[in-house]
1. What ³J(HN,Hα) values, in whole Hz, does the Karplus curve 6.51 cos²θ - 1.76 cosθ + 1.60 give for the stretch 73-80 when θ = phi - 60°, with x put for Gly and Pro?
2. What value in Å³ per residue do you get for the convex hull of the alpha-carbon atoms in the chain?
3. Take the Cα coordinates of the stretch 40-91, assign each an equal point scatterer, and use the Debye formula without solvent to give log10 I(q)/I(0) at q = 0.26 Å⁻¹.
4. When the helices in the chain are scored as -39500 (n - 2.57) per DSSP H run of 4 or longer and the sum is shared across all residues, what 222 nm value do you end up with, to the nearest 500 deg cm²/dmol?
5. What is the dipole size for the chain, taken about its Cα centre, with +1 at each Lys and Arg Cβ and -1 at each Asp and Glu Cβ, in debye to the nearest 20?
6. What accessible area per residue comes out for the chain, rounded to a whole number of Å², with a 1.4 Å probe?
7. Of the accessible area of the chain, with the probe set at 1.4 angstrom, what percent is carbon plus sulfur?
Amino acid sequence: MQDNWKGIGSYGTVGLEIVLGIVLPCYVGSLADGRYGTGKTWLFVGFLIGVGHAVRVVWRTMKQANQEADAETEREKTKRKQYYEDRDRKL
């Protein structure tokens, strides 16, 4: 049960991290545009930085999920092998 809560905690923040990773650079870019009068240039740069960050977050999360799935598969394979070895010894 506790492993489920760990998964929710580690993957539940991905959406928040993506949204904040885009909104904050856009906000800073908007402030810079207002201060320097550059139209929407820095807003666009902030948006690109945010999207790059979001892609990185998704990539990292997918990599972590795949590693956890591979580890779980190995644990199940080991348990299955041990079960059949124990069963064969008893016969």
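The values are calculated or read from the model by the stated rules, or taken from the named source; none is laboratory data. Bear in mind the structure is a predicted one, so any value in this text is a computation, not a measurement. All Cβ positions, glycine included, derive from the backbone under ideal geometry; neighbour counts span all protein chains shown. Surface accessibility is based on the protein's heavy atoms, side chains included, excluding ligands, DNA and RNA. Shrake-Rupley method; radii C 1.70, N 1.55, O 1.52, S 1.80 Å.
1. 3J(HN,Hα) across the stretch 73-80, in whole Hz: 4, 5, 4, 5, 5, 5, 4, 4.
2. So the per-residue hull volume is 66 Å³.
3. For the requested q values the scattering log ratios are -0.90.
4. -33000 deg cm²/dmol
5. Taking the Cα centre of the chain as origin, the dipole is about 140 debye.
6. Value returned for the chain: 83 Å² of accessible area per residue.
7. Carbon-and-sulfur percentage of accessible area, whole number: 63.
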